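Engineer: Have a look at this one.
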Number of protein chains: 4
Amino acid sequence: MSPQPRNPNYKTDVAVSFARQAMMVTAGATLAEVSAGRCVIKAPILNSMTQQHGFAHAALTFAIGDSAAGYSALTLVDAGKEVLTSEMKINLLAPAQGDGLKAVGKVLKAGRRLIVVQADVYALNGDAETHIAALQGTIVPV
Amino acid sequence: MSPQPRNPNYKTDVAVSFARQAMMVTAGATLAEVSAGRCVIKAPILNSMTQQHGFAHAALTFAIGDSAAGYSALTLVDAGKEVLTSEMKINLLAPAQGDGLKAVGKVLKAGRRLIVVQADVYALNGDAETHIAALQGTIVPV
Amino acid sequence: MSPQPRNPNYKTDVAVSFARQAMMVTAGATLAEVSAGRCVIKAPILNSMTQQHGFAHAALTFAIGDSAAGYSALTLVDAGKEVLTSEMKINLLAPAQGDGLKAVGKVLKAGRRLIVVQADVYALNGDAETHIAALQGTIVPV
Amino acid sequence: MSPQPRNPNYKTDVAVSFARQAMMVTAGATLAEVSAGRCVIKAPILNSMTQQHGFAHAALTFAIGDSAAGYSALTLVDAGKEVLTSEMKINLLAPAQGDGLKAVGKVLKAGRRLIVVQADVYALNGDAETHIAALQGTIVPV
């Protein structure tokens, strides 16, 4: 059963909101896919976003995972609403190294007051994808 | 009872590791205090680190909270060891707006294999501090 | 600054709600202290609540930690409201062994729609208390 | 790619460990399925396990979700090892009401020192299943 968006312009609204996030621009992140209850974000591993071993900083992995999760929620709220992260947990599974990162966010449960989301982040190396993080959290429509 | 550092040079080691994190440099973050089982990091709210409403992006709040927590753990491990975040949860309490942010990380339990940590992040406005986030997670010495 | 309860009968309301939780009765748990933004619950370690090594099951530690956190939130909501756990994370710090357990719940941030809480659980051995778990989560007034 | 168990007797070892958990007996829980990297636990909603509205207590949902997750991890460790929950987060999605509960645990990443797991808990009503909780956490082999 596919979730039903209540905002017919949700794709545009997600794109507009994404473009306003300076942090996403700083990270070189792009919106790769938006559909009802789902959002995919990609980002390079810029030198400016690394930690002490040269891998992507956990904050970059968190940034795109949290954003993919949040925008998956935004696809399911009423027009004119925005979303905020209330809480988010990340389990890091493997070092964030490679050509770039991809975060896939999805809605687990879209309530009226709270939206529970998950995101998986992958490191991309040529054709291979390595699962590097799993996020689970709560998004609030405002 | 104060935790006992096993590495007499822990302050230098924390400072060296911090300086190597390009993400912290990008964020303009600085190490404000390091003591046994505790670390304080400050950061401005750069335009490049904001979200769509002009507040600090949750990823910046996460970045300095996670780093303060991780470095509080690094003060208690053996010389030559490093630390990695295994998992971290953040609850966001209030919008991240103001002159800057301050993260205070501390060790709850320093085990041999796992170190459980907490961090609180505050928004600074003149002399006022607003509690904007609480983090709890697990750090692994490697 | 102490949080201000809006329900003058909050202590009675917490006690009535607690008494209706069959799970708390099954666990032999008792309400040890209730004040504005704070709740303490104690429980024995019944054989029926143990795991495979004879220690208290993580679910018992979770049960009293979650309840202490939830009831700390209930002290701060309007009369006639109830509370539900939206999400809760537990970090286990040490084995749950001893004469009994004590959970101390407190409110970090009491919002109108969401209340962020923490709880610490201790194992009691004679006069000694061992910190065995830290919980952080979100409670929703309904 | 199916995870490879290193302990040929993992099914027996999971069953023996499960039988020793008094908490699972108290809850009337049963092991419904065990395979490499996966474990399913079922439980009735006993009156003794309810909260103040007569639904299953969050601690019961946590108990079987955490156990399903933990035993999914146990299927992938060396013979003679046991597992402990290091940390677990639960997001509650819907009230736990119905004929019974079912928890499905699975391994996301089986590391040597840490095993990251997820579990989904469902309420069973006749032929219908309602997703009532999602758990994500870390299990430690000992």
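Engineer: What tally of residues in the stretch B:58-102 results from selecting those that are at the interface with another protein chain (Cβ under 9 Å from one of its Cβ atoms) and under 18 Å from B:Gln21 (Cα atoms)?
Structural biologist: Number of matching residues: 12.
Engineer: Right, another one. Conditions first: (1) more than 18 Å from B:Ala56 (Cα to Cα); (2) in contact with a His (Cβ under 9 Å, 6 or more places away or on another chain). A:Ile90 passes all but one, so which condition is the exception?
Structural biologist: (2)
Engineer: If you don't mind, another one. May I ask you to verify whether B:Thr130 is over 19 Å from A:Ile90 (Cα atoms), out of contact with any Leu (no Cβ under 6 Å at 6 or more places or on another chain) and at the interface with another protein chain (Cβ under 7 Å from one of its Cβ atoms)?
Structural biologist: No: the conditions fail for B:Thr130.
Engineer: Collect the residues in the stretch A:1-32 that are aliphatic (A, V, I, L, M) and open to solvent by less than 80 Å² (accessible area, probe 1.4 Å), keeping them in residue-number order.
Structural biologist: Passing the criteria: A:Val14, A:Ala15, A:Val16, A:Ala19, A:Ala22, A:Met23, A:Met24, A:Ala27, A:Ala29, A:Leu31, A:Ala32.
Engineer: Considering only the stretch C:13-44, state which residues are within 14 Å of chain D (Cβ to nearest Cβ) and not aliphatic (A, V, I, L, M).
Structural biologist: Answer for the stretch C:13-44, where residues must be within 14 Å of chain D (Cβ to nearest Cβ) and not aliphatic (A, V, I, L, M): C:Asp13, C:Ser17, C:Phe18, C:Arg20, C:Gln21, C:Thr26, C:Gly28, C:Pro44.
Engineer: Sticking with this one: Taking only pairs six or more apart or across chains, which ones have beta-carbon atoms under 8 Å, a first residue in the stretch D:103-114 that is within 13 Å of chain A (Cβ to nearest Cβ) and in contact (Cβ under 8 Å) with a residue 40 or more places away in the chain, and a second residue that is open to solvent by 40 Å² or more (accessible area, probe 1.4 Å) and of a type outside the set (S, T, N, Q)?
Structural biologist: D:Lys106/D:Arg38; D:Val107/D:Pro3; D:Val107/D:Arg38; D:Ala110/D:Pro3
Engineer: Can you list residue pairs whose Cβ atoms sit under 8 Å apart, with the first residue in the stretch A:21-37 being within 23 Å of A:Leu76 (Cβ to Cβ) and the second being among the charged types (D, E, K, R)? Count only pairs 6 or more apart in sequence or on different chains.
Structural biologist: As it stands, the answer is A:Ala29/A:Lys42; A:Thr30/A:Lys42; A:Ala32/A:Lys42; A:Ala32/A:Lys102; A:Val34/A:Lys11; A:Gly37/A:Lys106, since those pairs meet every condition given.
Engineer: Further, regarding this structure: Name every residue in the stretch C:38-79 that is without any contact (Cβ under 8 Å) to a residue 60 or more places away in the chain, closer than 16 Å to C:Ile115 by Cβ and hydrophobic (A, V, I, L, M, F, W, C), in order of residue number.
Structural biologist: C:Ala68
Engineer: Can you tell me which of A:Thr85, A:Thr30 is touching a helix residue (DSSP H, G or I) at 6+ places or on another chain (Cβ under 9 Å), among the hydroxyl-bearing types (Ser, Thr, Tyr) and under 27 Å from B:Ala68 (Cα atoms)?
Structural biologist: Result of the check over A:Thr85, A:Thr30: A:Thr85.
The values are calculated or read from the model by the stated rules, or taken from the named source; none is laboratory data. Everything numeric in this text was worked out from a predicted model, so none of it was measured. With ideal geometry, Cβ positions are generated from the backbone for all residues, glycine too; neighbour counts draw on all protein chains shown. Each accessible area value is taken on the protein alone, full model and side chains, heavy atoms only, with ligands, DNA and RNA left out. Shrake-Rupley method; radii C 1.70, N 1.55, O 1.52, S 1.80 Å.
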